[in-house]
Amino acid sequence: MSKGTSAYLSAQQRDVVHQLARSWLWRSELPTWLLMVAVYGGWFASVVYWRTLGLTLSTLLLVLFTTWYMSLQHELIHGHPTRFPRLNQLFGTLPLAVWYPYGLYRDSHLAHHRNHTLTDPDEDPETYYLSPARWAQLKPWQQQVIHLRNTFPGRLLIGPLLDMAATLKKLAHAFIDRDKPAMAMWIIHLTLLSVLFYWMTLHGFSPLWLVLTVSYPALMLTKVRSFYEHRADEEPLARSVNNEAALPWRLLFLNLNYHSVHHDLSGLPWYGLRKVYLLYRDGYHQRNHGFRVAGYGEWITRFWRKSVEVNAHPGTQKDAQDAHSFVTDVRHQPSGDSRPDLSANNAAATTRRAS
């Protein structure tokens, strides 16, 4: 399992989470095993039976299954369904989403989970912020592109294109710099992609069609989830949003809309995020200073034309203790956290009754 960090709201919440982790459902990881069967089965069936389904329906299904696959890859990175990272990697290495090798995503995302440097453009590889120096170097038209990217439609339309350009740049540098681990990662990825494309042609499905009408729209859907997930704030635990999205979005994104909960308790399985959030909703509202939204529709309404302010990073005061204070993973033994409860006092009793 990938070593995550955990920041419980209280000792009580820690005990509740550990009690949930001892349940048969959580220990068996059955929902994630079933998810893998559904994602892989649905993706490959959509290609094999595309003539029966029709090109339009099979394409739409592939977009959904590809987006779901990327959500599954995120779950694999965080140590589910097994505690063995290399085995989880095998489950997520197939390039169904085309562009990103699993290893590249894994390394970037785990670095992103250092809460004390979250949103810092010099430390967080997944932030949309730029350093003030880098922002000042941009030409006016480049700054306008960033502003456009920071609108909701701009994030969907040009965000994937900018990400793909950055990924191709990393591919080139891996071979220019003779970075052997990175080269091996890319060779494996491109080889598997070639095999996948060849298999698709055997079934009469165009790989170019997959790239243009499946891969890009799937990346656009992931940008719905990641739109304004993080903001710069002095308090590291107030930098992630909780988005109370509707059921279809929650299922597609595996509850990552409860992003503050995920960053606080990164070892929670996807089917536990909503349960923990609902038990401690008020506590999380306090912790992340009200950074909560009623659903993705609110982002669409507010930022259809207006740009969200994630360009030049405003800076935060870094507390050296932040780098070491969140050290207990939710799938390990309790750490003896004795902080006062910030949420409902009866949450533990409620969970025990539900169990």
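Meeting the requirement of 2 or more residues that are open to solvent by 40 Å² or more (accessible area, probe 1.4 Å) and of a type in the set (S, T, N, Q), the helices (runs of 4 or more DSSP H) wholly within the range 8-104 are 11-21. Residues being under 22 Å from VAL63 (Cα atoms) and aliphatic (A, V, I, L, M) are entirely absent from the range 179-187. Put simply, of LEU110, LEU72 the only residue that is closer than 21 Å to HIS263 by Cβ and modelled with pLDDT under 95 is LEU110. Scanning the range 178-215 for residues that are among the hydroxyl-bearing types (Ser, Thr, Tyr) and open to solvent by less than 90 Å² (accessible area, probe 1.4 Å) gives THR191, SER194, THR201, SER206, THR213, SER215. Here the range 270-288 is the region considered, the condition is being within 20 Å of SER226 (Cβ to Cβ) and either open to solvent by 20 Å² or more (accessible area, probe 1.4 Å) or not in a helix (DSSP H, G or I) (or both), and the residue that is modelled with the lowest pLDDT is ASN288. Quick one: which of ARG239, ARG231, ARG225 is buried (at least 22 other Cβ atoms within 10 Å of the Cβ), in contact (Cβ under 8 Å) with a residue 24 or more places away in the chain and over 19 Å from LEU278 (Cβ atoms)? Being buried (at least 22 other Cβ atoms within 10 Å of the Cβ), in contact (Cβ under 8 Å) with a residue 24 or more places away in the chain and over 19 Å from LEU278 (Cβ atoms) holds for just one of ARG239, ARG231, ARG225, which is ARG239. Annotation note: Cβ proximity below 8 Å between a residue of the range 18-44 that is without any contact (Cβ under 8 Å) to a residue 24 or more places away in the chain and a residue that is in a helix (DSSP H, G or I) and of a type in the set (Gly, Ala, Ser) (sequence gap 6+ or interchain) occurs for ARG27/ALA21. Of the listed requirements (1) touching a residue at least 40 places away in the same chain (Cβ under 8 Å); (2) open to solvent by 60 Å² or more (accessible area, probe 1.4 Å), LYS169 misses just one: (1). The set of residues in the range 242-254 being open to solvent by less than 10 Å² (accessible area, probe 1.4 Å) and over 12 Å from the mean Cα position of the chain (by Cα) consists of ASN242, ASN243, ALA245.
Put simply, of LEU62, LEU53 the only residue that is within 20 Å of the chain's Cα centre (by Cα), hydrophobic (A, V, I, L, M, F, W, C) and farther than 29 Å from PRO236 by Cα is LEU62.
Here SER10, SER2 are screened, and the one residue that is at pLDDT below 95 and within 26 Å of LEU110 (Cβ to Cβ) is SER2. Looking only at residues that are in a helix (DSSP H, G or I) and β-branched (Val, Ile, Thr) in the range 116-157, which one is most open to solvent (accessible area, probe 1.4 Å)? The selected residue is VAL145.
The values are calculated or read from the model by the stated rules, or taken from the named source; none is laboratory data. Fair warning: this is a prediction, and the values are worked out from it, not measured in the lab. Glycine also receives a Cβ, built like all others from the backbone with ideal geometry; neighbour counts cover every protein chain displayed. Quick note on the areas: whole protein, heavy atoms, side chains included, nothing else; ligands and nucleic acids left out. Shrake-Rupley method; radii C 1.70, N 1.55, O 1.52, S 1.80 Å.
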